[in-house]
Amino acid sequence: MSEPRELLRVTDIEVRYGAIRALKGVSFTVGEGEVVALLGANGAGKTTTQKTISGMLRPAVGSITFEGRRIDGIPAHELIGLGICHVPEGRHVFPRMTVHENLEMGAFRFKRVDSADLERVLELFPRLRERIKQQAGTLSGGEQQMLAIGRALMGKPRLLLLDEPSMGLAPLIVAQIFEIVREINTTGVTVLVVEQNAAQALTLADRGYVLETGEIVLEGTGRELLADDRIRAAYLGEEIAAS
Amino acid sequence: MHALIQGIILGILTAGVYALMASGQTLIFGIMKVVNLAQGAMVILGAYLAFQLFTSFGIDPFLAIPITTVALFVVGVLVQLLFLRPLRSDDRSELSLLVTFAVALLLEGIMSVIWSTSDRSINTHYANSSWTVFGYQITLVRLWAFLLSLFALGLLYLLLNRTRFGRAIRASVQNPESATLLGVQSERVSAIGFGLGAATAAAAGSVYGLLYPFNSGSHYDLISRLLSIVILGGLGSVGGAVIGALVISVSSAIVASAISPIWSEMTFFIVLLLVLLVRPRGLFGTAARGAI
């Protein structure tokens with residue numbers, strides 16, 4: 001298989017919260033059409049990395065390029081115009097807006113809503129169609145996650161940043177959501193997913209990076225990482241010593 | 001019984017005007033988490049502008065509203081850009097109390113210089129006319145004021161719920177982070193939101209000037225009522241502000257007619273305390289964010 005064209009390149013970024021260095025020089029790339037997973041424990045810097053890519057945080061050092069164009073420093077509300085869409089952790093839907101209004105907000109960067117996009121999202125998430133007039137705050141956790149992803153798709157993303165899509169959801173729903181992410185990916189959307197649920201993420205991902213206290217300590221294809229003893233011990237909950 | 005019903009009618013009509021003032025205040029809070037202590041002063045500024053347009057050019061205070069709302073919209077946007085935007089977002093809520101109080105004092109000073117501190121009132125030819133319906137007296141001005149407030153609130157509702165920009169405002173209120181990630185420019189929404197809040201103050205000010213005599217210091221009394229209303233309704237909820245205005249004006253009108261007008265002022269605060277004891281977030285408030 002030929003190397004995919006590079007879409008995103010993160011080079012040596014350092015992000016500080018006051019005196020704390022949350023990222024200590026992180027570098028990685030995401031190729032066009034790939035699904036790349038960022039793995040790691042709580043506080044490793046996964047979310048910080050995504051927030052920096054989507055412009056919510058500024059790197060103190062380092063650079064981020066998207067299609068060869070420097071994007072660190074561009075304010076968050078402009079990045080979506082380039083096709084970078086971030087679904088932050090915790091299902092941030094607009095609770096007192098209907099499902100339909102939430103989806104319309106997803107297309108905010110366009111002057112009008114593309115009805116073909118809306119139809120595609122509703123086909124992907126039939127549950128949202130059933131609840132189209134319902135207030136988003138009344139949806140279940142899984143439905144809210146679907147809405148958050150669907151809303152992002154309304155912005156016609158080229159790169160979708162997903163932060164912990166499985167958080168707090170039942171295994172069955174998680175499997176469903178990952179299946180949908182795979183489907184989204186086959187339509188040409190590149191995905192950078194942050195997960196604690198390493199097993200799920202790695203079966204989906206072409207490649208993965210493992211973060212530990214603000215540094216990348218391991219990288220490889222999804223399959224390589226799944227087979228890696230350190231990963232199995234740390235994230236898949238297997239007792240290496242016992243085996 | 002007659003006096004009681006008369007009181008209730010008066011309370012409902014008055015509520016419309018308060019609802020309009022308070023809707024702007026709660027909108028500003030919802031968008032920016034700023035408690036705008038200058039809202040009362042902006043209402044009084046609107047009243048003075050209407051007064052001036054009436055005395056100098058004979059423009060009816062109701063017809064002056066398109067002019068005064070535009071003027072106050074500009075004032076609101078300037079206040080946001082000059083005084084509130086520079087505040088750091090971490091402590092904007094706390095500091096905004098001081099900043100908007102300073103704005104209130106600044107407006108009060110300017111108004112005292114231009115219009116002196118003596119009481120003004122807008123005396124249109126219809127100021128004292130009233131209708132009698134089934135033996136109940138309905139003052140024409142109050143009825144118009146009520147209808148106008150409903151109309152203005154209706155416009156605000158349509159703007160928030162039926163337009164792309166309104167959706168962006170509501171999205172920013174409900175989840176600022178997500179709204180930004182979807183391309184909403186929060187600075188712009190804040191500036192226009194503050195402008196809209198001030199514009200509602202201007203519309204209400206025209207009406208206020210018709211109903212009551214006012215002077216440059218009247219805003220202290222107004223802001224305490226407005227704060228009671230928005231807190232009662234739930235900070236950030238426009239619908240709550242309307243209900244809050246109704247509850248508070250009707251109950252104080254009832255107290256005024258059934259017990260004594262002396263107690264009616266205090267009713268505002270007693271109702272507020274009672275509601276907060278049962279529902280600390282107000283009637284329609286949500287734990288963390290506004291409810292529009």
Given the condition out of contact with any helix residue (DSSP H, G or I) (no Cβ under 9 Å at 6 or more places or on another chain) and among the charged types (D, E, K, R), answer yes or no: does some residue in segment B:77-85 qualify?
no
Of (1) out of contact with any strand residue (DSSP E or B) (no Cβ under 9 Å at 6 or more places or on another chain); (2) of a type outside the set (A, V, I, L, M); (3) buried (at least 21 other Cβ atoms within 10 Å of the Cβ); (4) over 29 Å from residue B:165 (Cβ atoms), residue B:261 satisfies all except one. Which?
(3)
Any idea how many residues of segment A:133-192 are touching a residue at least 60 places away in the same chain (Cβ under 8 Å), farther than 17 Å from residue A:88 by Cβ and either surrounded by fewer than 19 Cβ atoms within 10 Å (Cβ to Cβ) or within 14 Å of chain B (Cβ to nearest Cβ) (or both)?
4
The residue from B:133, B:103 that alone is of a type in the set (Val, Ile, Thr) and surrounded by 16 or more Cβ atoms within 10 Å (Cβ to Cβ) is B:103
Between a first residue in segment B:163-179 that is facing chain A (nearest Cβ under 7 Å) and farther than 12 Å from residue A:96 by Cβ and a second residue that is in a helix (DSSP H, G or I) and β-branched (Val, Ile, Thr), which pairs have beta carbons less than 7 Å apart while being 6 or more apart in sequence or on different chains?
B:168/B:189
Against the definition (assigned to a helix (DSSP H, G or I) and more than 30 Å from residue A:5 (Cα to Cα)), how does residue A:172 come out, yes or no?
yes
Closer than 19 Å to residue B:194 by Cβ and touching a residue at least 12 places away in the same chain (Cβ under 8 Å): is that true of residue B:11 in this structure?
no
Yes/no for residue A:47 being crowded, with 19+ Cβ neighbours inside 10 Å and either more than 14 Å from every other protein chain (Cβ to nearest Cβ) or closer than 22 Å to residue A:201 by Cβ (or both):
yes
Scanning segment B:74-93 for residues that are charged (D, E, K, R) and over 15 Å from residue B:30 (Cα atoms), the one nearest to the chain's Cα centre (by Cα) turns out to be B:85
Note on segment A:52-82: residues within 14 Å of another protein chain (Cβ to nearest Cβ), buried (at least 20 other Cβ atoms within 10 Å of the Cβ) and in contact (Cβ under 8 Å) with a residue 24 or more places away in the chain are A:52, A:53, A:54, A:55, A:57, A:79, A:80
Reported set for segment A:71-117 where residues are under 12 Å from residue A:147 (Cα atoms) and part of a helix (DSSP H, G or I) is A:99, A:100, A:101, A:102, A:103, A:104, A:105, A:106
Exactly one condition in (1) more than 14 Å from chain A (Cβ to nearest Cβ); (2) assigned to a loop (DSSP other than H, G, I, E, B) is false for residue B:183; which is it?
(1)
I'd like to know if segment A:83-97 contains one or more residues that are surrounded by fewer than 20 Cβ atoms within 10 Å (Cβ to Cβ) and aliphatic (A, V, I, L, M).
no
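Where a number appears in this text, it was derived from the coordinates with a stated rule and is not lab data. Because the structure is predicted, anything quoted here is derived from the model rather than measured. Virtual Cβ from ideal backbone geometry, glycine too; neighbours counted across all protein chains shown.
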